[in-house]
Amino acid sequence: MPRRAVVIGAGLAGMLAAAALSASVEEVIVLERDDLPDGPEHRRGLPQGRHAHLLMAGGLAAMDDLVPGTRLREQLLAAGAREVALGQDLVALTPEGWFRRWRHPGPRMLSCSRALLDWVVRATVLAGTDVRIQKAQARGLTGDAGRVRGVRIATPDGERELEADFVAAADGRGSRVLKWLEELGVPGIQEKTVDTGLVNATRVYRTPAGAELFPVTVVQADPYRGRPGRSGMVLPIEGDRWMVSLAGTRGGEPPADPEGFLRYTFDLPDPIVGRLISGAEPLTEVHISRSTSNIRRYLEKARRWPDGFVVLGDAVATFNPAYGQGMSVAALGAGVLSAELRRGGVGAPGVARRVQRGVAQSVAAAWAMAVGQDVWFPQVRGARPGLADHLVTRYSRRMTKAATGSYRAAAAVWDVTSLVTAPSRLLRPDAMLAALAGPLLPALPGPPLTAQERKVVRELDRARG
């Protein structure tokens with residue numbers, strides 16, 4: 001058995017990669033430059049960590065397959081995460097109208113803070129494998145264009161080379177992997193950025209008494225009206241708290257002051273978020289983040305690729321966080337790594353290239369969903385809608401409209417947005433017939449709330465008496 005694998009980055013993607021590698025080598029060392037918290041606390045190197053995160057069904061299933069002998073879902077629920085059935089526990093306003101709530105639960109996702117998710121995943125991997133974390137900063141790769149043989153690292157004791165039979169880079173959106181590959185003789189990898197100028201603003205509130213089971217509430221931005229996009233959501237997280245995240249594209253950014261934060265919620269396409277939080281107790285200040293661009297590195301198209309090296313997670317691609325795809329894409333990528341290692345092992349020629357091409361499939365699907373909407377916002381940088389975008393958008397809007405009043409259409413949309421299936425699911429005959437038929441039920445005039453939920457909203461709505 002090969003002796004050592006090194007993973008760069010101890011975030012979610014890095015720990016899942018370490019879990020995938022642990023069955024194929026004698027030891028896995030995870031390099032991390034930040035001090036890691038001992039519990040579910042925010043860490044400095046994760047700019048989006050304070051904002052809303054949803055773990056989609058496809059990503060959760062991939063995570064459960066990666067860590068031997070454990071069920072991450074159960075551990076996250078035990079730690080306070082909330083399970084959300086898309087068909088029943090979600091109140092969502094789309095650009096085409098309100099989604100209904102159905103008798104069928106649909107795919108299930110988890111809602112919790114990113115800090116809790118990272119902590120549970122890290123603790124579970126460390127407890128269930130021989131993976132260990134070393135505080136060090138990666139400075140480059142050793143080897144050549146044919147094979148990576150290790151990592152140059154900086155530690156408190158100085159710089160040195162750490163030999164490895166396999167290296168996985170999972171060091172986030174700020175990764176210098178393109179520079180490192182160029183130094184090895186693998187130049188010219190294409191990188192694309194699509195930037196809407198999105199700003200996230202998040203504040204945490206105490207869950208009001210009587211609202212403990214209130215559904216996840218989302219007001220989506222509308223990219224098709226020629227105006228800056230504005231969105232907001234209320235997510236239940238551990239510790240009897242609501243995480244309230246607002247987002248606005250260039251020209252419609254949410255403010256950082258508490259009064260402006262609340263005013264912004266009433267300017268959304270529907271005021272339900274503002275009505276809920278106007279009577280809730282805030283527990284934090286407003287946190288702002290601007291690290292929101294869609295960035296994709298087309299590593300799978302490199303003319304040459306070194307054996308013994310893969311890139312995963314945000315180091316491959318980052319997505320507008322409004323679509324909630326990044327964590328699930330990272331988990332699916334680690335799943336590709338695990339599957340290829342079971343077939344060929346870390347030393348097999350070409351296994352790294354097969355992993356990189358496999359990773360690109362889930363990246364491409366998420367990229368198409370995110371950028372396919374972002375190109376329509378005004379003042380977007382890096383892309384403009386072309387003929388293909390017009391055709392795809394026309395169909396996707398028709399499908400979303402149908403999903404507001406057709407269970408068959410809604411199920412197809414859920415499967416794709418949850419990354420349970422590929423976007424080709426929307427082209428299956430049943431889905432296309434549902435889109436053609438359109439909504440079978442009339443449009444909802446407002447959010448689909450139960451009588452008890454409407455009572456909660458009325459009691460919390462301080463701004464309107």
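None of the figures in this text is laboratory data; all of them are computed from the coordinates on show. Worth saying up front: this structure is predicted, and the values here are computed from it rather than measured. With ideal geometry, Cβ positions are generated from the backbone for all residues, glycine too; neighbour counts draw on all protein chains shown.
Some observations on this one:
- Take every pair of alpha-carbon atoms less than 8 Å apart whose residues are at least six positions apart; their mean separation over the length of the stretch 1-103 yields a relative contact order of 17 percent.
- Long-range tail of P(r) for the stretch 124-283 (Cα pairs > 26 Å, %): 55 percent
- Relative contact order computed over the chain (Cα-Cα under 8 Å; 6+ residues apart), in percent: 20 percent
- Largest first, the three principal axis extents of the alpha carbons in the stretch 376-417 are 36, 17, 15 Å in whole numbers.
- Charge dipole of the chain (Cα centre as origin; +1 on each Lys and Arg Cβ, -1 on each Asp and Glu Cβ, all else neutral): 1340 debye, rounded to the nearest 20.
- On a per residue basis, the convex hull of the C-alpha atoms belonging to the stretch 140-227 measures out at 247 Å³.
- Multiplying each eigenvalue of the alpha-carbon gyration tensor of the chain by 5 and taking the square root yields semi-axes of 38, 25, 21 Å, largest first, rounded to whole angstroms.
- Ordering H104, H53, H287 from the fewest to the most neighbouring beta carbons within 10 Å gives H104, H287, H53.
- Calculated [222 nm] ellipticity per residue, helices only, for the chain: -10500 deg cm²/dmol; basis is -39500 (n - 2.57) per DSSP H run with n ≥ 4, divided by all residues, nearest 500.
- Against the compact-protein benchmark of 2.2 N^0.38 Å, the Cα-based radius of gyration of the stretch 334-465 scales to 1.48.
- Restricting the stretch 208-276 to trypsin sites (Lys or Arg not before Pro) in coil, as DSSP defines it, with at most 13 other Cβ within 10 Å: R225
- Neighbour-count order for R357, R71, fewest beta carbons within 10 angstrom listed first: R71, R357
- When D157, D307 are sorted by how many other C-beta atoms sit within 10 angstrom of their C-beta, beginning with the fewest, the order is D157, D307.
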